[in-house]
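Every read-out reported here was derived from the displayed coordinates using simple, explicitly stated rules and does not represent laboratory data. What you see is a predicted model, and the numbers here were worked out from it, not measured in a lab. Using ideal geometry, Cβ is built from the backbone for each residue, glycine included, and neighbour counts are taken over all protein chains shown.
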Amino acid sequence: MASLKELRNRIASVKATQKITKAMQMVAAAKLRRAQTAAEAARPYAERMEAVLSNLAAALEGREGGPPLMVGTGKDKVHLLIVCTSERGLCGAFNSAIVRLAREHVNRLTAEGKEVKILCVGKKGHDQLRRVYKPLIIDVVEFRGVKQLSFANAEQVGYKVRSLFEEGDFDVATLFFSRFKSVISQIPTAQQVIPASIPENGASIDLGGAVYEYEPDEEEILTDLLPLNITTQIFKALLENGASEQGARMSAMDSATRNAGDMIGKLTLNYNRTRQAQITKELIEIISGAEAL
């Protein structure tokens, strides 16, 4: 049985931890509002971009060829997985869920005889993936010290991805991130970005029956628009990750604070029982000594 001093030290230690987790919860709650607003503001732009690409792609139907970022290389041999995670931990299963989805894709593609390459965006994803897939990781992009992610950060990743594609290092690129739904719900998502994934039932632009002539032509517009779309989708993924990370951290720190409270209650009860038993023992010794006299 622990002594009273040990129990007091444990209670003091857990109380100190509880203060830290409570402070982290409040900080995450403050950052969540801004991150959620940024993620929700980026969604319409990304969806509109997909709608424009969908209409331009429909205009190119029946024609041979097309921009490489739209039609791909014509092969499906080498896959690049762009795994976006956070730079910090203490956010529950946020990073693990994204890595788990990426790991499932790696195992499936490997079983099909495909070659897999991994580009890690974020320290935590790299730390988890390198334990098993270190030979597959070709590069790591970290944003340590960046307080607010900007479009320039996404452009850094987008340029690297486009350069690898132009050099013929892969055929298909898939983006992994966590889509923010609520504070307690973040959805790990895989989105193909090269060749551009045009949803069949996605949003489209209502032309009202009008026929448009493009100047320059559709293919030239897509040549300029597709690189921007890659950066846009990466930027959206980073913003979604930012909101999901803060939501997951807020939920995790809330659970940790409540668990610390429960532990303090149990330790305090144990302390009181031990102290009462010690007092009772001392009283018995005093009474026994008095009777002996």
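As a test, work out the antiparallel percent of DSSP beta bridges whose residues both lie in the chain, rounded to the nearest 5.
Counting DSSP beta bridges with both partners in the chain, the antiparallel share is about 35 percent.
Principal axis extents for the stretch 79-210, Cα atoms only, whole Å, descending order, please.
Here the spans come out as 55, 39, 28 Å, largest first.
Using the number of other C-beta atoms within 10 angstrom as an exposure proxy, rank Thr280, Thr257, Thr73 with the fewest first. Display every interim value, and only then the final one.
Details: Thr280 10, Thr257 18, Thr73 15.
By the 10 Å Cβ count, ascending, the order reads Thr280, Thr73, Thr257.
Rank Thr232, Thr223, Thr21 by mean-square fluctuation in a GNM of the chain with C-alpha springs under 10 angstrom and give only the top-ranked residue.
Looking only at Thr232, Thr223, Thr21, the biggest GNM fluctuation is shown by Thr223.
Only residues of the stretch 219-257 count here: report those whose backbone N is under 18 Å from the spot 7 Å along Cα→Cβ of Ala93, or say none.
Only 244-256 fall inside the zone, counting backbone N under 18 Å.
Suppose the chain between Met26 and Arg275 were pulled fully straight at 0.36 nm per residue; how much longer would it get relative to their current alpha carbon spacing?
Working: separation 249, 0.36 × 249 = 89.64 nm, distance 3.58 nm.
So the extension gain works out to 86.1 nm.
From zero outward in steps of 5 Å, how is the percent of C-alpha pairs of the stretch 11-136 spread across the bins?
It works out to 2, 8, 11, 12, 13, 15, 14, 10, 6, 4, 2, 2, 1, 0, 0, in whole percents.
Using only alpha carbon pairs under 8 Å that are at least six residues apart, calculate the relative contact order of the chain and give it in whole percent. Working shown, then result.
On the way: 395 pairs, mean separation 98.1, N = 293.
Once divided by the residue count of the chain, the mean separation gives 33 percent.
Over the Cα atoms of the chain, each weighted equally, I'd like the Debye log10 I(q)/I(0) at q = 0.07, 0.14 Å⁻¹, rounded to two decimals.
-0.40, -1.05
Cut-off 10 angstrom, C-alpha nodes, Gaussian network model of the chain. Which of Lys19, Lys117, Lys236 fluctuates the most?
Its mean-square fluctuation being the largest, the pick is Lys19.
Arrange Arg10, Arg131 by Cβ neighbour counts within 10 Å, fewest through most, would you? Could you put the intermediate results ahead of the total?
Working: Arg10 16, Arg131 7.
Fewest-to-most Cβ neighbours within 10 Å comes out as Arg131, Arg10.
Between Ala190 and Leu149, with labels modelled 7 Å along Cα→Cβ, what's the label distance in nm to one decimal, could you check?
Going by the 7 Å Cα→Cβ label model, 2.0 nm.
Please report Ile287, Ile137 as a ranked list, fewest other C-beta atoms within 10 angstrom at the top and most at the bottom.
Going from least to most buried by this count: Ile287, Ile137.
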